[in-house]
Amino acid sequence: MTEASPNEPVAQTPPPEQPDANTTTAKPATGVAAEPPQPSLEEKLQIAEATIQEHRDAFLRAKAETDNVRKRAQADVAAAHKYAVENFATELLAVKDSLEAALNASATENATTENLKSGVELTLKQLKSAFDKFHLAEEDPLAQKFDPHKHQAISMVESDAEPNTVVTVLQKGYKLNDRVIRPALVTVAKGKDA
């Protein structure tokens, strides 16, 4: 035997042939590739139970989230009802303070009618400003056609005015954002022939 020198190439023998994993050694008689093995009934049941558990967990999470959203919405609505007039009430506090100051001033000896009148006018101006800020509008329908949606007729009187026209306003009406919150109390003209 001769020893191979390090410079000589060593003849390598090819590895034994391995069957390809994608090919089968025995072909079926029909010429169709063999189907992969089907999972057993136990495996199918385990897969189905796992899927059911996942869906149940997702359902419970969704239900809990829905309940939380509903509870938050109810709390928000309750708070909105409870504190809906907070800003308006804050504006009215200045009016109340002015009225109390006017009463305290009238108790002193140096209060004059003119001073009291100017104080009341300033207070009324504050109140109108608060009304304007919150879209509370005055409805004075004098000489307008009677509208039962905006006015409440107390009586009908003979007048030279056109029939169904407001001739006297006994109490002004008020609207909040175009919704009547108090109709105007009025007397209405009736026709001369009526």
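The values are calculated or read from the model by the stated rules, or taken from the named source; none is laboratory data. Note that this is a predicted model, so its numbers are computed, not measured. As a convention, Cβ positions derive from the backbone with ideal geometry for all residues, glycine included, and neighbour counts pool all protein chains shown. The protein model used for the area step is the full one, side chains on, heavy atoms only, and it has no ligands, DNA or RNA in it. Shrake-Rupley method; radii C 1.70, N 1.55, O 1.52, S 1.80 Å.
Under the condition of being closer than 30 Å to residue 134 by Cβ and among the hydrophobic types (A, V, I, L, M, F, W, C), which residue from segment 34-85 is surrounded by the most Cβ atoms within 10 Å (Cβ to Cβ)? Among those that are closer than 30 Å to residue 134 by Cβ and among the hydrophobic types (A, V, I, L, M, F, W, C), it is 85. Determine whether residue 108 is part of a helix (DSSP H, G or I), open to solvent by 60 Å² or more (accessible area, probe 1.4 Å) and of a type in the set (Val, Ile, Thr). So residue 108 does not fit the description; no. Only one of the listed residues (141, 148) is touching a residue at least 40 places away in the same chain (Cβ under 8 Å), of a type outside the set (Val, Ile, Thr) and either in a loop (DSSP other than H, G, I, E, B) or under 30 Å from residue 85 (Cβ atoms) (or both). That residue is 141. Scanning segment 157-180 for residues that are part of a strand (DSSP E or B) and closer than 15 Å to residue 141 by Cα yields 165, 166, 167, 168, 169, 170, 171, 173, 174, 175, 180.
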